1. Restricting attention to the stretch 154-182, and to residues there that are among the hydrophobic types (A, V, I, L, M, F, W, C) and part of a helix (DSSP H, G or I), which single residue is farthest from GLU94 (Cα to Cα)?
2. Counting just the residues of the stretch 138-175 that are within 24 Å of CYS7 (Cβ to Cβ) and in contact with a Lys or Arg (Cβ under 7 Å, 6 or more places away or on another chain), which one comes out surrounded by the fewest Cβ atoms within 10 Å (Cβ to Cβ)?
3. In the stretch 42-59, what residues are free of Cβ contacts under 8 Å to residues at least 24 places away in the same chain and closer than 21 Å to ASP4 by Cβ?
4. Just one of (1) closer than 22 Å to VAL238 by Cα; (2) at pLDDT 55 or above trips up SER24, so point out which.
5. Only one of LEU189, LEU221, LEU211 is among the aliphatic types (A, V, I, L, M) and either in a loop (DSSP other than H, G, I, E, B) or modelled with pLDDT of 95 or more (or both); which?
6. What is the residue count in the stretch 59-75 for residues that are within 20 Å of ARG107 (Cβ to Cβ) and touching a Leu at 6+ places or on another chain (Cβ under 8 Å)?
7. Any chance the stretch 167-176 includes a residue that's more than 18 Å from ASP219 (Cβ to Cβ), modelled with pLDDT under 95 and either in contact with a helix residue (DSSP H, G or I) (Cβ under 7 Å, 6 or more places away or on another chain) or polar (S, T, N, Q) (or both)?
Amino acid sequence: MIIDSHCHLESFSSPPTSFLISYSSSLHSEIKSSFITMSTMPEDWQAQIKLTQKFNHVYCALGIHPWYVESSSFEHLLELKKLMTISSVVAFGEIGLDFSPSYKKNRLLQIEILSQQLDLASRIEKPVSIHVRKAHNEMFSLLSGACVSGVIHGLGASKEVVRRYIDLGFKIGVNGIIVRDNARRYHELVRYVGLEHLVLETDFPHVKIDLLNSPKLSDILLVAQKVASLLHISLDQVLEQMAQNTHQLFNLHGMLDDK
């Protein structure tokens, strides 16, 4: 099993949700792919849930992304709490902080909405998928006071920053950027972090690995192959450890067979 732990499938009425790919492997003669599709705003939530109900091996995360935080977001938190009881909803995501120039004007509101989502995640005991840009100090402050686990999604930062997130118990999401030859800093971070603290993701369609506008198993497999190359280990080792990391983090044990 290979799991894309962070993609956005809400715009697809028929996402390819159960690929099989031939691969000569000591672990598998075929690899089945599953997806965790992320929401960004309340308007996405029902579409994400419907995907999980319609297609096997699709799970979802629900949350309010910092780009879409507004004053009405407080009203949606009660609905979010109720929807998190659905079994195929496996995490809060994509949530976080973004203080880059285009989004920093409502930074205080972002902090408050994230704080409340982290509190819900702690009480409901669900992991989180975190987006963070130019707000690491504020994020460290919030996460150090919250009893949550999860993924720092698509993190490109210094080794010191990455280490602090790992020390807080978070995994680091490795997405399609890694396959780019010029992503040297990203490559160095993967070497530094190692398999134990990584999960695989594509962030489709925001990160395009090829020119075809459709998610497919080969995308996430290319990410896994690049990790294997950077760490000088076999693809089998990457797939085995990534599956273990993702299953444990999102509490998927048994769910993949039950859906």
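1. Top of the filtered list is VAL179.
2. Just the residues of the stretch 138-175 that are within 24 Å of CYS7 (Cβ to Cβ), to begin with: 139, 143, 148-157, 162, 165-166, 169-175.
Right, trim to in contact with a Lys or Arg (Cβ under 7 Å, 6 or more places away or on another chain) and you get 151, 156.
On the way: VAL151: 30, GLY156: 13.
Per the stated criteria, the residue is GLY156.
3. LYS50, LYS54, listed by residue number.
4. Among (1) closer than 22 Å to VAL238 by Cα; (2) at pLDDT 55 or above, the lone unmet condition for SER24 is (2).
5. Numbers: LEU189 fails: either in a loop (DSSP other than H, G, I, E, B) or modelled with pLDDT of 95 or more (or both); LEU221 fails: either in a loop (DSSP other than H, G, I, E, B) or modelled with pLDDT of 95 or more (or both).
Step by step, each of LEU189, LEU221, LEU211 is checked, and only LEU211 is among the aliphatic types (A, V, I, L, M) and either in a loop (DSSP other than H, G, I, E, B) or modelled with pLDDT of 95 or more (or both).
6. Residues that pass the stated criteria total 7.
7. No, there is no match, as no residue in the stretch 167-176 is more than 18 Å from ASP219 (Cβ to Cβ), modelled with pLDDT under 95 and either in contact with a helix residue (DSSP H, G or I) (Cβ under 7 Å, 6 or more places away or on another chain) or polar (S, T, N, Q) (or both).
The rows are residues; the columns are (1) part of a helix (DSSP H, G or I); (2) crowded, with 19+ Cβ neighbours inside 10 Å; (3) touching a Cys at 6+ places or on another chain (Cβ under 7 Å).
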| position | (1), (2), (3) |
| --- | --- |
| PHE35 | no, yes, yes |
| ASP44 | yes, yes, no |
| THR52 | yes, yes, yes |
| LEU118 | yes, yes, no |
| ALA121 | yes, yes, no |
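The values are calculated or read from the model by the stated rules, or taken from the named source; none is laboratory data. The structure presented is a predicted model; accordingly, all values stated were derived computationally and were not measured. All Cβ positions, glycine included, derive from the backbone under ideal geometry; neighbour counts span all protein chains shown.
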